[in-house]
Amino acid sequence: MKKYIIFMILLILSSCGYKMGYNSDTNYNVFVDFFNNKTAEPRLEDYFIKEFKKELIIHPNIKVVFKDQADFVISGEIKDFKKASISYSVDDRTLEYRLFVNVKVIVKDKKGKLINQKNFVWNKEYKSGYTGVKDFDIGASEAKKKEFIIVIFQDISAEIYHWFLSNDF
């Protein structure tokens, strides 16, 4: 009986034109160009490009190539980066931060014609590492911030990948 119900559901979904997401059968040659860092936070563009390329490389339908071999050129800018304190200790030290990032992505064809563009906004909370000890390690706090910047860029990169594939070029 279960097999019959599953078969009927699949039959109905396939006959009504329902489409499950994007067509991942198409292969794309992509060049990842420079992302301009419009913020005061250093090296954001380096972290983003590294994570974005890693995201693209893991998918068999995307090949990261040199510009002259590319069907599409993806570029953009890191428009905004903010770090806000969202919780405090009794001695008024920050216990938790929220990072906010806005990345504009531009997709052009190999002739330079604009195909699409979109802003991707993401935020994530992280603990500062402050424990109430007087000799709090600010370096550890900065390392934690970098770790969460990378996590945000991994999340944004996955979202960009799915957005890219969902477009009908």
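Take the alpha carbon gyration tensor of region 22-111, find the square roots of its eigenvalues, order them as a ≥ b ≥ c, and report rounded if a/c is under 1.5; if not, report prolate when a/b exceeds b/c, else oblate.
prolate
A 19 angstrom limit on the alpha carbon distance is what I want to check against. Which of LYS50/LYS111; LYS53/LYS83; LYS38/LYS82 exceed it?
In this structure, LYS50/LYS111; LYS53/LYS83 lie more than 19 Å apart at Cα.
Taking H placed 1.01 Å from N in the peptide plane, check which residues at least 5 places from GLU96 or on another chain put their amide H under 5 Å from its amide H.
Under 5 Å from the amide H of GLU96 lie the amide H atoms of ILE86, SER87, SER128, each far enough along the sequence or on another chain.
Subtracting the Cα-Cα distance from 0.36 nm times the residue separation, let me have the gained length for LYS111 to LYS82 in nm, one decimal.
Net length gain for the segment: 6.9 nm.
Could you work out the relative contact order of region 27-116? I mean the mean sequence separation of Cα pairs under 8 Å and 6+ apart, divided by the number of residues, in percent.
30 percent
When the Karplus curve 6.51 cos²θ - 1.76 cosθ + 1.60 is applied with θ = phi - 60°, which whole-Hz ³J(HN,Hα) does each residue of region 89-96 get, with x for Gly and Pro?
Result, rounded to whole Hz: 7, 5, 9, 6, 9, 6, 9, 8.
So who's got an amide H within less than 5 Å of the one on VAL65, skipping anything under 5 residues away but keeping other chains? H placed 1.01 Å off N, in plane.
VAL30, PHE31, VAL32
Short version: ³J(HN,Hα) in whole Hz for each residue of region 27-38, in order, from phi by Karplus 6.51 cos²θ - 1.76 cosθ + 1.60 (θ = phi - 60°), x for Gly and Pro, what are they?
Result, rounded to whole Hz: 9, 10, 9, 10, 10, 9, 8, 5, 10, 6, 8, 8.
Read-outs: derived from the displayed coordinates by stated rules, not from any lab. This one's a predicted model, so the numbers in the text were calculated from it and none came from an experiment.
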